[in-house]
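Below is one structure, written out as structure tokens; the observations come after it.
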Amino acid sequence: MSLSRREFVGRATLGALGTAALASATTEAAEPPTAPTGPVPLIVSTWNFGKASNDAALKVLQGGGSLLDAVEKGIWVTESDLGNHSVGLAGTPNAAGVVQLDACIMYGPGHRAGSVAALEGIRHPISAARRVMEKTRHVMLVGEGARMFALEEGLESIPVNSRELNEAWLKKHPAPPPAAAPVSPDNHDTIALLILGADGTIAGGCSTSGMGNKLPGRVGDSPILGSGLYVDNEVGAAGATGVGENVMRYCASFMIVEFMRQGLHPQEACRRAIQRIVKMDPKPVGQLSINFVALDKQGRFGAAGTDRGFNYSVTTPEKSQVLPNPGLG
């Protein structure tokens, strides 16, 4: 079929416009710089107790340790803190009187990850999560299977006798039924720790004992990739703390990373995720208890949360500090 001159010119013009539009879209969607522009390594974590973990992670890196070593050893500090009742074996028990731990770790290159959930009696669940990532073909192990794997790997443990612990706990704590157990900011905190390395590599980890008085076997957002933690080596990373159910229903950390992929600053990405959740969730904002930290490939960082008492820790070779919740405004 032959084209008239008018038809040919018209189609050529449309083709040129389409090419220009594609070029413009490609420019707007360009990937962020491959090299950080701010101080590195950059370490960002949840809460004021994250500062000690950040400082330990920085020391590992300055001593020649790997990014994963830094994530693991940094989180060890919070997991070992006997004064912290929301992370590690000193965490508040579940409704059966047993401390069940959740953790995950994620490494940007290769998009590798490992996690454990409802893990009992293991001193450092973050180490179990790393072993799952590095030594198995799986991503997540739970319950007794996770404990047996951790023991086979020689990880530090304590004896677990659920029946004795249960009886002792119930004698000391005539608590209300699990479904009616109160939720407070003091019984569901989490350490989420993110690191941007000097070469632009990103890694992160998350560890918690979960919500106090939870039903046995309850798993929150912390060990769920895309909920409690998400790392994308081309974009950035995000971590969460608060009430896990209100985070995991929305894949919140994944959402934040995707907002950063669209070009949003990490702090604005955290705010935007909360705004999205607030729009969909029927609960009042004050009852959501969702808080996030994030960093991007460029070395920018930020946070936002619905809990007034939420704060976060930021560490570079130049400074280590605790910053207040910047709010949602």
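Just so you know, all these numbers are worked out from the coordinates, no wet-lab data involved. Keep in mind the model is a prediction, meaning the values are calculated, not measured. Quick reminder, even Gly has a Cβ in these numbers, built from the backbone with ideal geometry, and neighbours come from all protein chains shown.
Below are the figures for this structure:
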item: Which of GLY145, VAL160, VAL247, positive extreme of dipole for region 40-319 (C-beta unit charges); result: VAL247
item: Phi to ³J(HN,Hα) by Karplus 6.51 cos²θ - 1.76 cosθ + 1.60 over region 224-231, Hz, x for Gly, Pro; result: 9, 4, x, 10, x, 7, 8, 10
item: Summed residue charge, Cβ within 11 Å of HIS265's Cβ, Lys/Arg positive, Asp/Glu negative; result: +1
item: Dipole moment magnitude, nearest 20 debye, region 207-329 about Cα centre, only Lys, Arg, Asp, Glu C-beta charged; result: 260
item: Amide hydrogen neighbours beyond the local backbone of ILE191, cut-off 5 Å, H modeled; result: SER207
item: Cα gyration tensor shape for region 31-128, rounded if a/c is under 1.5, else prolate or oblate; result: prolate
item: Under 5 Å, built H, 5+ apart or other chain: amide partners of GLY210; result: ASP102
item: For region 60-100 and region 220-242, distance of Cα centres in Å; result: 17
item: Whole-Hz ³J(HN,Hα) from phi, Karplus 6.51 cos²θ - 1.76 cosθ + 1.60, for region 138-154, glycine and proline x; result: 9, 10, 9, 10, 10, x, 4, x, 5, 5, 4, 4, 4, 5, 5, 7, x
item: Whole-Hz couplings from phi, Karplus 6.51/-1.76/1.60, listed for region 54-70; x for Gly and Pro; result: 4, 4, 5, 5, 4, 4, 4, 5, 5, x, x, x, 7, 4, 5, 4, 5
item: Restraint check, LYS59/LYS297; LYS73/LYS297; LYS73/LYS214; LYS135/LYS214, Cα-Cα greater than 26 Å; result: LYS73/LYS214; LYS135/LYS214
